[in-house]
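These notes concern the structure reproduced below.
All of the numbers you see were taken from the coordinates with simple rules; none came from a lab. Just so you know, these numbers come straight off a predicted model, no measurement behind them. All Cβ positions, glycine included, derive from the backbone under ideal geometry; neighbour counts span all protein chains shown.
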Amino acid sequence: MGLYASWGVINALANTGITTIMMYDRDTLSFYETSQVTYRASGKGGASRHLDAFLNLLPKGARVLELGCGGGTDAAEMIARGFDVDATDGSPTIAAIAAERLGRRVRVMRFDELAVEQVYDAVWASAALLHVPRVALPNILNRVHSALKPGGLHHASFKAKGVEQRDTDGRYFNHLNEADLRAAYQVSASPWEIIETTAYEGGGYPNGGSGPWVSILARRPV
């Protein structure tokens, strides 16, 4: 297929049900499990810079699914603000770290294991879906869409160099630029209303450096 296959081709492949399409990257998941790496973002208290604005859009006490909660920084802020948070992470070790911080259970769940219908008011995925192989991303976005109630909101953020690659630790990143990101949501089998995409400079690059990121705010139509 190659790195430059169209999103239409990627979407068609991801929705064929062919079991050989990997919905996650084993090496990346293994890295987090063995290295127990969690991060603090550049927003208030180490939470995501996008979190406050996102939460301000939600009704009081909204039920929020967090994908890839890491050490639980964003989940802690959401809980403190009175939201009903279902925090999840694909690494059992990191989920245990987050559970200790939050004082509550954190579910171990890979993105491809999300399989619920119209349960959540919002799905928060800060620096999480950036590890999903490009060929698998439409399938995962369909799962996120299904999990949302009609009118539900979704946020995700991605490193954005534009060409998928692995870092020096062997972790896979899909590196969607802004056009790629919009295309990925638009070719998904589930209809999304893209409210906005935002390009910005952020951290988390090798050796403590910074680089391009892009975020998306989308809604499941009513």
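Count Lys and Arg as plus one, Asp and Glu as minus one, and take only other residues whose Cβ is under 15 Å from that of Arg104; the net charge is then -3. Under the convention that each Lys and Arg Cβ holds +1 and each Asp and Glu Cβ holds -1, the size of the dipole of the chain around its Cα centre is about 260 debye. Checking the cross-link filter: which aspartates and glutamates have an alpha carbon closer than 18 Å to that of Lys161, excluding same-chain neighbours under 8 positions apart? Correct list for Lys161: Asp169, Glu178, Asp180, Glu201. The amide H of Glu66, built 1.01 Å from its N in the peptide plane, has Asp86, Ala87, Thr88, Trp124 as neighbours under 5 Å, considering only residues 5 or more places off or on other chains.
Within the straight-line cut-off of under 14 Å between alpha carbons, the aspartates and glutamates reachable from Lys44 are Asp52, Asp74, Glu77, sequence neighbours fewer than 8 places apart in one chain being disregarded.
Take Thr93, project a point 7 Å from its Cα along the Cβ direction, then tell me which residues of region 32-74 have their backbone nitrogen under 12 Å from it. Correct set: 32-38. In the chain, the DSSP beta bridges split such that about 55 percent are antiparallel, to the nearest 5.
The length gained on full extension between Ser190 and Glu100, counted as 0.36 nm times the residue separation minus their Cα-Cα distance, comes to 28.8 nm.
Among the chymotrypsin sites (Phe, Trp or Tyr not before Pro) found in region 70-168, not one is both in a DSSP coil and sparsely packed, with 12 or fewer other Cβ atoms within 10 Å of its Cβ. Note that the chain shows a convex hull volume over its alpha carbon atoms of 114 Å³ per residue. Calculated from the alpha-carbon coordinates, region 145-189 shows an Rg and a Dmax of 13.2, 40 Å respectively. Note on region 122-174 and region 177-212: Cα centroid distance 9 Å, given to the nearest whole angstrom. Footprinting exposure proxy ranking of Ile94, Ile79, fewest other C-beta atoms within 10 angstrom first, gives Ile79, Ile94. Compute the FRET efficiency between Met22 and Leu57 as 1/(1 + (r/R0)^6), taking r as their Cβ-Cβ distance and R0 = 45 Å, and round to the nearest 0.05. In this case the efficiency is close to 0.85.
Put a dot 7 Å past the Cα of Ser30, heading toward its Cβ, do the same for Ala115, and the two dots end up 2.5 nm apart.
Taking R0 as 25 Å, what FRET efficiency do you get between Arg81 and Lys149 from their Cβ-Cβ distance, rounded to the nearest 0.05? Calculated transfer efficiency: 0.80. If you model region 57-119 as an ellipsoid using its alpha carbon gyration tensor, with each semi-axis the square root of five times an eigenvalue, the axes come out at 18, 16, 8 Å, biggest first.
What aspartates and glutamates sit close enough to Lys149 to cross-link, taking a C-alpha to C-alpha distance under 14 Å and skipping anything fewer than 8 places away on the same chain? Result set, ordered by chain and number: Glu117, Asp121, Glu193. Here the label points at Thr198 and Tyr39, each 7 Å from Cα along the C-beta direction, are separated by 1.7 nm in the simple model.
Using just its DSSP H runs of length 4 or more, each adding -39500 (n - 2.57), the chain gives a mean residue ellipticity at 222 nm of -8000 deg cm²/dmol after division by all residues.
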